[in-house]
Amino acid sequence: MLRFSGPSVRSWAPAALWLVLLVHVSAFWGRGFSLFPYPLDRWPDVYFRQFAGGWREWLGPWLDDGDANAVYRACEAYLLGLLLPYIVLRVAGLRPLALGLGPPAPGSARRYVPWLLVAAVLGMVLASSTPNPWGSVVYESMELAAMLPEHFLVFGVVRAAVLSGAWSGHGAPVAPGTPESRPAPRPDSADTQQRHFVAVMLASALFAWIHIGVPWLEFLFSVPAGLLFAVLTVRTGSIWPALAVHWTLNLVPMGLMP
């Protein structure tokens, strides 16, 4: 069981954990490190460059290169963005509910249902005002599927790390009865509100980071979208409402465009 407590944790845990997440997601999502000098600029897509060629060759009889790449990236996302961090955090003592995999908190529908409607309307606007940007059915299906590990790692894991106490040294998962154990702060306490703010800022920044390298309009849109997804995840205690909004935003124009 991991123990997060004491002043030393407050000083190094945020930077260390943030750096681990940044380096980890950069290996298979986003191209932020491509802006850095050599050899850091070789880190983005490092696994894809190593394995995607053999993967395309294996799937060649059934899929073209674009679809084979999309299937590879979805599998990579589930392995590195969902399965691996889930195992690590479960070993650390965090339960699935703490990781945002459970249902939204009771009474939180008012926080996300209006955003589902906004996403549907925005999707219709995009469908009527932009050229058709979509690829094949396989490609788009893999893009939608890969949103689950993205939301888990970027929003669920960051929220769990911040709210568990790893970033502040309070309310941490330590053994009951030990001198280090402290009661969890009240939901309306200043400490909890501060943690919520930190979780939102870090998760939305990570979301924007992994969108570096996409078309500039999509990157600009990722900033407010990341803030919205982070707030919904923190306020509802679940990754599913924000994921539903994200899916809606993509599914509506996909369904309306020829």
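None of the figures in this text is laboratory data; all of them are computed from the coordinates on show. As the structure is a prediction and not an experimental result, all values here were calculated from the model. Backbone-built Cβ (ideal geometry, glycine too); neighbour counts: all protein chains shown.
For Gly66, the shell of other residues with beta-carbons less than 12 Å away shows a net charge of -3, using +1 for Lys and Arg and -1 for Asp and Glu. Extending 7 Å from the Cα toward the beta-carbon at both Val125 and Ser141 defines two label points whose distance is 3.2 nm. Charged neighbours of Leu84, selected by a Cβ distance under 13 Å, balance to 0 (K, R count +1; D, E count -1).
Packing, taken as the mean count of other beta carbons within 10 Å per residue, orders the peptides 150-162, 113-125 from highest to lowest as 150-162, 113-125. Can you tell me what percent of all Cα-Cα pairs in the range 6-118 are more than 17 Å apart? So the pairs more than 17 Å apart make up 71 percent of the total in the range 6-118. Shape class for the range 15-55, computed from the alpha carbon gyration tensor (a ≥ b ≥ c): oblate, with a/c not under 1.5 and a/b at or below b/c.
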